[in-house]
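Peer 1: Attaching a single structure in structure tokens format; questions to follow.
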Amino acid sequence: MPGEAAAASAALLISRERRPGMRLCLAHAGGALPAVLPRLDRGELLVGRAGERLPTVRARDLWCDSLAYDADSLRRAVARFGPGHVVLGTGYPFAALETPAWPASTASTTTCADPIGRDNALDMIAAIYRDSAVHDTGGPSWARSSASA
């Protein structure tokens, strides 16, 4: 749920960096995290961590899905995590399914519809694959295919 996603990710952002380079994708467009990031920054400054990367900066290392339910929340997630770090998300098959569904609700409200709908996820998968030990096997099958999606 959005509150839990925000609480867990906020705890990661204000703790010391333990896994640099790890890719973590948050559900619910990051939950409430995009809204509370400036408050987390302020807290870090108040406890004397001004020389460290602030939570708003560290949040750009995270990924999130696009399940935000409204255009303003999606735009905030894109602004906080970066346009290349938001991937397609859906509530399907649960009762909390977004209405209208993805293309109709976001294509007209953000300039990131194509990257969110496909490209960002492919980039994330390629980066994970590139950093893994299996990259010497010729690449993932989708990258070797001549078919286009």
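What follows draws every value from the coordinates through simple rules; no lab data is involved. Note that the structure is predicted; figures quoted are calculated from it, not measured. Don't worry about glycine lacking a Cβ; one is built from the backbone with ideal geometry, like all the others, and counts go over all protein chains shown.
Peer 1: What net charge do the residues around Ala121 carry, taking every other residue with its C-beta under 12 Å from that of Ala121, with Lys and Arg at +1 and Asp and Glu at -1?
Peer 2: So the environment of Ala121 carries a net charge of -2.
Peer 1: Arg16 to Asp131: extension gain in nm, 0.36 nm per residue of separation minus the Cα-Cα distance?
Peer 2: Here the answer is 39.2 nm.
Peer 1: Right, another one. What is the sum of charges around Ala6, taking Lys and Arg as +1, Asp and Glu as -1, for the other residues whose C-beta is under 15 Å from the C-beta of Ala6?
Peer 2: With Lys, Arg at +1 and Asp, Glu at -1, the net is +1.
Peer 1: Along Cα→Cβ, 7 Å out, is where each label goes; now give me the distance between the ones at Met124 and Phe94 in nm to one decimal.
Peer 2: It works out to 1.6 nm between the two label points.
Peer 1: Now for a separate question. Sort the following peptides by mean Cβ neighbour count (other Cβ atoms within 10 Å, averaged over residues), highest first: 54-67, 34-47.
Peer 2: In descending order of packing, they fall as 54-67, 34-47.
Peer 1: Okay, moving on. Give me a comma-separated list of calculated 3J(HN,Hα) values for segment 33-39, in order, Karplus coefficients 6.51, -1.76, 1.60 applied at θ = phi - 60°, integers in Hz, x for any Gly or Pro.
Peer 2: Values, residue by residue: 4, x, 6, 9, 4, x, 5 Hz.
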